[in-house]
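Undergrad: This is the structure I have questions about; it appears just below.
The values are calculated or read from the model by the stated rules, or taken from the named source; none is laboratory data. Just so it is clear, the model here is predicted, and its values are computed rather than measured. Please note: Cβ atoms are built from the backbone with ideal geometry, for glycine as well, and neighbour counts cover all protein chains shown. Side chains are part of the model used for accessible areas, which takes the heavy atoms of the whole protein and leaves out ligands, DNA and RNA. Shrake-Rupley method; radii C 1.70, N 1.55, O 1.52, S 1.80 Å.
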Amino acid sequence: MKLFNDLADFSVAEIDDLLTLARRLDEHPEPRALAGRVLALLFLSPSLRTLSSFQAAMIRLGGGAFVISPDMSIHGLESRYGIVMDGVAAEHIREAVPVIASYGDAIGIRAFAERTDLERDLADTQFAEFRTLVDKPLINMESAINHPCQALADWKTMDELGVPRQGGKFVLSWAYHPRALPLAVPTAAVHMACHRGMDVTVLRPEGFALPDSIMSKARKAAESSGGSLRESTDRREAMEGAHVIYAKSWSSTQHYGDRLGDEKARRELTDWCVDEPWFEPAREDCRFMHCLPVRRGVVVADRILDGPRSVVIQEARNRMVAQMAVVYRMLRGD
Ligand code: CP
């Protein structure tokens, strides 16, 4: 494997193969499997889980990882092209990325959406530029429009919980958040659930529809896996018989890059905080999923996060286990 950028690049059989490997490595540790191998990790955006789970994954397999981020004592990094670098930044990403990659056997990069130009973010332009700068296996640790590591871990979590693929009902729900957030996680989550063959509903308020390109890609995945995809603004109807609600906030694409416009659009939506009444029409055992970090009392009520519905810690642990399989395949091949 040379690139882990999008779960859509992998067939269901290939994903099952990765998840079988992940389970094997978790149950039967191989502490020498990646001895002497190095994973370079470049974080241009903040993290807790991705930062720690990739390092833990490499350590558990006998390899090592190093982290570079702008918060460290590094030269200021410039990412814009064609500008005269007479400001604070002393180093350009065009040199920094290949240098960091040259120290590792593979590299992971995280760079959130710039959120100024929707078309540019939908095309994942910045991550595509990174791809041209490295000649090593590359992992997308969350780009403008994708988070494949999260999607793989979430797929694994639902398998462990016995959430059915065919006939499993997955609700991706917009949730309130005081700030406009990227589209990467909802894009990855809706595609993952469709690819898994589930019946998927995107529940969101007016003005927060996911872009057509995201929906049509997910719909194609649903069609080829025997699932379905629809949208709803009606909470009760969307949650009817749900196995899973996956909550996430995202930007209003009508006001993309317009902070004040987005703020105005979400101002009246503070009741989009997942709480027990949401689950009344759902299955009794309906689970609550979220990629974390999550704002308590804003995105979801404490009693949901602290109660039996929540599987957020299991999802987070599965990040490490799923990524062990990814780096194993990348660095060993077998
Ligand atoms: N879910 C996730 O990617 O978490 P971090 O942003 O903490 O890495």
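Undergrad: Just a yes or no: is a residue in region 149-162 open to solvent by 10 Å² or more (accessible area, probe 1.4 Å), touching a Lys or Arg at 6+ places or on another chain (Cβ under 9 Å) and not in a helix (DSSP H, G or I)?
TA: Checked against the condition, which is being open to solvent by 10 Å² or more (accessible area, probe 1.4 Å), touching a Lys or Arg at 6+ places or on another chain (Cβ under 9 Å) and not in a helix (DSSP H, G or I), region 149-162 yields no hits at all.
Undergrad: Still on this structure, please answer the following. Is it the case, given these coordinates, that ASP135 is in contact with a Pro (Cβ under 9 Å, 6 or more places away or on another chain), in contact (Cβ under 8 Å) with a residue 40 or more places away in the chain and of a type in the set (Asp, Glu)?
TA: Numbers: in contact with a Pro (Cβ under 9 Å, 6 or more places away or on another chain): yes; in contact (Cβ under 8 Å) with a residue 40 or more places away in the chain: no; of a type in the set (Asp, Glu): yes.
So ASP135 does not fit the description; no.
Undergrad: Within region 23-56, can you find the residues that are open to solvent by less than 10 Å² (accessible area, probe 1.4 Å), assigned to a helix (DSSP H, G or I) and either on the phi > 0 side of the Ramachandran plot or touching a Leu at 6+ places or on another chain (Cβ under 8 Å) (or both)?
TA: LEU25, PHE54
Undergrad: Within region 251-264, is even one residue of a type in the set (Gly, Ala, Ser), open to solvent by 30 Å² or more (accessible area, probe 1.4 Å) and closer than 28 Å to LEU51 by Cβ? Explain how you work it out, then say what you get.
TA: Step one: list which residues in region 251-264 are of a type in the set (Gly, Ala, Ser), which gives 251-252, 257, 261.
Remaining after also requiring open to solvent by 30 Å² or more (accessible area, probe 1.4 Å): 257.
Within this subset, residues satisfying the condition of being closer than 28 Å to LEU51 by Cβ are 257.
Yes, region 251-264 has at least one match.
Undergrad: Among the residues of region 163-185 satisfying the criterion of being in contact with a Leu (Cβ under 6 Å, 6 or more places away or on another chain) and open to solvent by less than 20 Å² (accessible area, probe 1.4 Å), which is farthest from the ligand (Cβ to nearest atom)?
TA: Here is the first cut: in region 163-185, the residues in contact with a Leu (Cβ under 6 Å, 6 or more places away or on another chain) are 171, 173, 176.
Then keep just the ones that are open to solvent by less than 20 Å² (accessible area, probe 1.4 Å); that gives 171, 173.
Working: VAL171: 19, SER173: 17 Å.
Among those residues, the one meeting the criterion is VAL171.
Undergrad: (1) touching a residue at least 40 places away in the same chain (Cβ under 8 Å); (2) of a type outside the set (Asp, Glu); (3) touching a helix residue (DSSP H, G or I) at 6+ places or on another chain (Cβ under 6 Å): which one isn't true of PRO293, the others all being true?
TA: (3)
Undergrad: Follow-up. Any idea which residue in region 5-22 is farthest from the ligand (Cβ to nearest atom), counting only those that are touching a Leu at 6+ places or on another chain (Cβ under 8 Å) and outside any helix (DSSP H, G or I)?
TA: Here the answer is PHE10.
Undergrad: Let me ask something else about it. Which one is modelled with the lowest pLDDT among residues in region 252-292 that are of a type in the set (Gly, Ala, Ser) and assigned to a loop (DSSP other than H, G, I, E, B)? Spell out how you get there, then give the answer.
TA: We begin by selecting, within region 252-292, every residue of a type in the set (Gly, Ala, Ser); these are 252, 257, 261, 265, 282.
Next, only the ones that are assigned to a loop (DSSP other than H, G, I, E, B) stay: 252, 257, 282.
On the way: SER252: 94, GLY257: 90, ALA282: 98.
Here the answer is GLY257.
Undergrad: Looking at SER228, SER213, which one is open to solvent by less than 70 Å² (accessible area, probe 1.4 Å), over 20 Å from the mean Cα position of the chain (by Cα) and more than 22 Å from TYR176 (Cα to Cα)? Walk me through it before giving the result.
TA: On the way: SER213 fails: over 20 Å from the mean Cα position of the chain (by Cα).
Criteria check complete, one pass: SER228.
Undergrad: While we're here: I'm checking my understanding of the structure. Among residues of region 57-82 that are in contact (Cβ under 8 Å) with a residue 12 or more places away in the chain and part of a helix (DSSP H, G or I), which one is nearest to the ligand (Cβ to nearest atom)?
TA: The residue in question is ALA57.
Undergrad: Can you find a residue that is part of a loop (DSSP other than H, G, I, E, B) and within 30 Å of LEU25 (Cβ to Cβ) anywhere in region 320-330?
TA: Initial filter on region 320-330 (part of a loop (DSSP other than H, G, I, E, B)): none.
Taking every residue of region 320-330 in turn, none turns out to be part of a loop (DSSP other than H, G, I, E, B) and within 30 Å of LEU25 (Cβ to Cβ).
Undergrad: Given the structure, is ARG295 open to solvent by 50 Å² or more (accessible area, probe 1.4 Å), of a type in the set (Lys, Arg) and under 18 Å from the mean Cα position of the chain (by Cα)? Don't jump to the end; show me each part of the working.
TA: Values: open to solvent by 50 Å² or more (accessible area, probe 1.4 Å): yes; of a type in the set (Lys, Arg): yes; under 18 Å from the mean Cα position of the chain (by Cα): yes.
So ARG295 passes the test.
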